[in-house]
Amino acid sequence: MNRETLKLGVILFFSIAGIFIIDQNIKMLSVEGFRYYTDCIDLILVYNKGVAFSMFAFLDEWLKYIQIVMIIGILSYIISLKKLCFAFPAGLLLGGALSNVYDRFIHGGVVDMIYWHCGFDFAVFNFADMMINLAVVWLLVLNLKPKWCKS
């Protein structure tokens, strides 16, 4: 294994593990009963059986296995790219995705707890969802600006 592949693997591992651990600890607080209410954001507990906005909830048990295949595909693609600049945002995406899939196995649905209702009602989401969205934007920028990623 060459040095660049090792760096890529280390960055991926620690970013995936970090996001997974942070997200699961936040979710644990919610599952154990922590609630908080404000004028704009409430911390509540919702089990989402689908993906964003409960889409594809009809897939039921199949959804988690479809997501595992997608995670393996993304991981394989990032490793085959061998570009270090993709490692951290991919780790954010994969860590969030793995945490949400883990919820499906343990809780029967994704643990969501952040409810935005300031000015308009928005979906209930979690930390992993925020990391996934950040990673998608970051990866899009890297793909649209290839000069920013030279490795």
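The values are calculated or read from the model by the stated rules, or taken from the named source; none is laboratory data. Everything quoted here is computed from the prediction, not taken from an experiment. Heads up, the Cβs are rebuilt from the backbone with ideal geometry, glycines too, and the neighbour counts pull from every protein chain shown.
Data for the structure
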item: Residue in region 89-100 that is more than 24 Å from residue 148 (Cβ to Cβ) and exposed (fewer than 13 other Cβ atoms within 10 Å of the Cβ) present; result: no
item: Complete set of residues in region 10-28 that are closer than 17 Å to residue 133 by Cα and touching a strand residue (DSSP E or B) at 6+ places or on another chain (Cβ under 7 Å); result: none
item: Meets criteria (modelled with pLDDT under 95, assigned to a helix (DSSP H, G or I) and within 23 Å of residue 115 (Cβ to Cβ)) for residue 58; result: no
item: Matching option when the condition is in a helix (DSSP H, G or I), among the charged types (D, E, K, R) and modelled with pLDDT of 95 or more, among 64, 7, 27; result: 27
item: Residue in region 115-134 that is of a type in the set (Asp, Glu), more than 27 Å from residue 150 (Cβ to Cβ) and not in a helix (DSSP H, G or I) present; result: yes
item: Within region 67-82, considering residues that are of a type outside the set (A, V, I, L, M, F, W, C) and assigned to a helix (DSSP H, G or I), the one farthest from residue 101 (Cα to Cα); result: 80
item: Neighbours by Cβ (under 7 Å, 6+ apart or cross-chain): first from region 125-145, on the phi < 0 side of the Ramachandran plot; second surrounded by 13 or more Cβ atoms within 10 Å (Cβ to Cβ) and among the charged types (D, E, K, R); result: 125/112; 126/23; 126/27; 126/112; 127/23; 128/23
